[in-house]
Amino acid sequence: MTTTAATGPARRGVPRRRRAPSPSPSPSPSRFSFSGQLALLVAMAFAIPAQLYLAIPVADRVQIAYGVDAASAAWTGAAFSFAYALGFLVFGPLSDRVGRRPVLAGGALATAVTTALTAAAPGLGWFLAGRVLQGFAAATFAPVALAYVTERAPAARRPVALSLLTTGLLGAGIAGQVYGQLVTEHADWRAAFWPAALVYAAAAVAFRRLLASGASGASGLAAPGAAGPAPAASVRAVAAAALALLRTPGPAAVFAAALPVFGSFVAFYAVLERELRLTYGFDANGLLLAQAAGAVGLLAGPLVNRRFGTAGPRALALTGYLASASGLLLALAAEAAARPEAMIGAGALFVAGTGLIVPGTVGLLHQLAPHARGTAGAVNTFALFAGASAGQLAAAHLGPRPMLAVLVAATLLAALTVATGTRTRTPTPTRTGTRTDTPEPTRSRP
């Protein structure tokens with residue numbers, strides 16, 4: 001006689017029937033299609049990191065308001081970006097454990113609150129403390145949004161989707177400066193924070209209602225069509241994965257090469273804004289036109305990715321580094337020749353190159369660290385914005401020519417690091433431009 005397994009304790013000698021595994025939590029029904037979710041994330045990629053770059057036009061007003069020197073006022077941006085970079089190491093792995101949507105929604109709400117508190121700060125000390133909290137809260141967005149897009153995008157659309165998102169993260173640099181310039185010319189500089197706080201509060205609601213739910217595993221990025229994400233790793237496992245990545249030549253090369261990327265971006269625009277305003281007498285409208293010209297370079301990333309995506313992320317990143325270095329070198333020559341319009345044009349080439357570097361290196365890590373993508377993304381984003389912190393401080397202490405010369409050298413060194421450090425570790429792209437899902441050899445696993 002056949003015994004039917006019960007749901008209670010198993011009888012002696014009769015094995016309990018295993019329950020069927022729970023359905024994968026990825027992707028749950030959403031009010032938006034993926035295209036709509038991507039549009040929301042790209043919009044917030046422009047808005048949330050813009051708080052970092054807002055410090056460039058606001059720094060002079062902070063200096064006057066609190067009676068400090070330029071080096072002290074530079075901490076308006078550096079205080080934010082140091083905490084911002086540190087937060088990536090916390091929230092990237094955290095989203096591996098609790099899911100992308102809760103971290104994005106909760107982080108946007110925290111960013112709204114801290115932005116409002118920063119605007120109400122009564123003194124410089126309180127203001128800088130607010131910027132630290134604001135930066136830490138804003139760090140919930142970039143690594144988690146990149147992970148969300150990588151795991152939810154259809155394979156054929158993933159390179160372009162990542163390029164659009166990283167274009168938004170770069171565009172935040174232009175958007176933050178333009179917004180700050182407009183506000184400081186027509187209102188008190190503190191007024192720049194209140195509308196942003198409202199936007200972030202609205203984003204928290206939108207993330208909660210419109211993004212797909214479901215936690216991700218330690219790898220962070222279950223490919224579309226996969227059976228489902230693995231169970232979340234422990235904090236110790238995530239830390240071990242990060243240390244292993246730093247000891248692995250391929251990912252370590254990408255992380256080292258990430259340091260000058262946003263550092264160059266912040267430092268270049270700090271130098272450009274100061275030179276155009278103080279040396280060449282540009283007014284507010286002239287500065288806005290200069291920043292708008294740089295924004296043209298943002299179009300390069302999505303266009304090149306769409307046309308040449310099959311070349312692979314390594315080629316894309318190296319092309320970006322060389323284009324950025326070329327733009328910086330032209331800007332250095334234009335500054336020496338006292339040609340401000342040429343500096344502005346060189347800035348567009350520099351921005352275009354940066355717009356290729358970021359999606360290229362993200363895609364490269366997607367290949368080099370397939371078993372720790374969430375952690376790899378967090379470490380890489382940390383390196384990007386740690387460089388941004390150093391870039392703003394360096395620009396406050398160096399003149400335009402030494403600063404631009406340092407940026408050229410750093411960008412070329414980063415290109416060499418990626419070229420030599422990842423040469424034999426990148427799988428050949430498929431004909432559709434997507435990675436293969438074949439595991440890498442055991443020696444290259446973190």
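Amide H of Phe282 versus every other amide H placed in the peptide plane: which residues, excluding those fewer than 5 positions away on the same chain, fall under 5 Å?
Excluding prolines and chain starts, which carry no amide H, the hits are Arg277.
What net charge is computed for the residues neighbouring Val149, neighbours being all others with C-beta under 11 Å from the C-beta of Val149, Lys and Arg scored +1, Asp and Glu -1? Working shown, then result.
Numbers: positive: Arg100, Arg152, Arg157, Arg158; negative: Glu151.
Within the 11 Å Cβ shell, the charges total +3.
If you take the alpha carbon radius of gyration of region 27-123 and divide it by 2.2 N^0.38 Å, what ratio comes out, to two decimals?
On the way: Rg = 16.7 Å, N = 97, 2.2 N^0.38 = 12.5 Å.
Its radius of gyration relative to the 2.2 N^0.38 Å reference: 1.33.
Using only Cα atoms, figure out Rg for region 64-180 and give it as a multiple of 2.2 N^0.38 Å.
Numbers: Rg = 16.1 Å, N = 117, 2.2 N^0.38 = 13.4 Å.
With N residues counted in region 64-180, Rg over 2.2 N^0.38 Å equals 1.20.
Working out 0.36 nm times the residue gap between Arg423 and Leu289, then minus their Cα-Cα distance, what length gain in nm do you get to one decimal?
Details: separation 134, 0.36 × 134 = 48.24 nm, distance 4.03 nm.
The Arg423-Leu289 span can extend by a further 44.2 nm.
Between Leu416 and Trp126, how high is the FRET efficiency from 1/(1 + (r/R0)^6) when r is the Cβ-Cβ distance and R₀ = 45 Å? Nearest 0.05.
Numbers: r = 44 Å, r/R0 = 0.98.
With R0 = 45 Å, the Cβ-Cβ based efficiency is 0.55.
For region 131-183, count the residues as N, evaluate 2.2 N^0.38 Å, and divide the Cα radius of gyration by that value, please.
Working: Rg = 13.7 Å, N = 53, 2.2 N^0.38 = 9.9 Å.
In units of the 2.2 N^0.38 Å rule of thumb, it is 1.38.
By average Cβ neighbour count within 10 Å, what is the ranking of 316-324, 121-129 from highest down?
Working: 316-324: 24.4, 121-129: 14.3.
Ranked from most to least packed, the peptides come out as 316-324, 121-129.
Could you work out the equivalent-ellipsoid semi-axes for region 99-162, taking the square root of 5 times each eigenvalue of the Cα gyration tensor, largest first, in whole Å? Mind dumping the intermediate values first?
Working: eigenvalues 207, 22, 10 Å².
Equivalent ellipsoid semi-axes, largest first: 32, 10, 7 Å.
Could you tell me what % of all Cα pairs in region 233-297 have separations over 18 Å? Working shown, then result.
Working: 1226 of 2080 pairs.
That tail contains 59 percent of the Cα-Cα pairs.
So how much slack lies between Arg209 and Arg157, counting 0.36 nm per residue of separation and subtracting their Cα-Cα distance, in nm? Let's see the in-between values first.
Values: separation 52, 0.36 × 52 = 18.72 nm, distance 2.36 nm.
Full extension from Arg209 to Arg157 adds 16.4 nm.
Given 20 °C and 1.002 mPa s, how large is the Stokes-Einstein diffusion coefficient of region 290-374 in µm²/s, with Rh as the Kirkwood radius over Cα pairs?
Numbers: Rh = 13.4 Å.
Answer from the Stokes-Einstein relation: 160 µm²/s.
What FRET efficiency comes out for the pair Ser72/Arg401, r = Cβ-Cβ distance, R0 = 22 Å, nearest 0.05? Mind dumping the intermediate values first?
Details: r = 24 Å, r/R0 = 1.09.
Approximately 0.35, to the nearest 0.05.
How would you order 325-335, 93-103, 394-404, 363-373 from highest to lowest mean count of nearby Cβ atoms within 10 Å? Walk me through the numbers before you get to the answer.
Working: 325-335: 21.7, 93-103: 23.4, 394-404: 18.5, 363-373: 25.8.
So the peptides 325-335, 93-103, 394-404, 363-373, ranked by packing, come out 363-373, 93-103, 325-335, 394-404.
Could I have the simple spin-label model distance between Ala244 and Ala337, label points 7 Å from Cα toward Cβ, reported in nm to one decimal?
Spacing of the two 7 Å Cα→Cβ label points: 5.3 nm.
If R₀ is 22 angstrom, what is the calculated FRET efficiency for the pair Leu182 and Leu299, using the beta carbon separation as r and rounding to 0.05?
Step by step, r from the Cβ atoms, then E = 0.50.
Laboratory data are not the source of any read-out in this text; all were calculated from the coordinates shown. Keep in mind the model is a prediction, meaning the values are calculated, not measured. Neighbour counts are summed over all protein chains in view; Cβ atoms, including those assigned to glycine, are modelled from backbone coordinates with ideal geometry.
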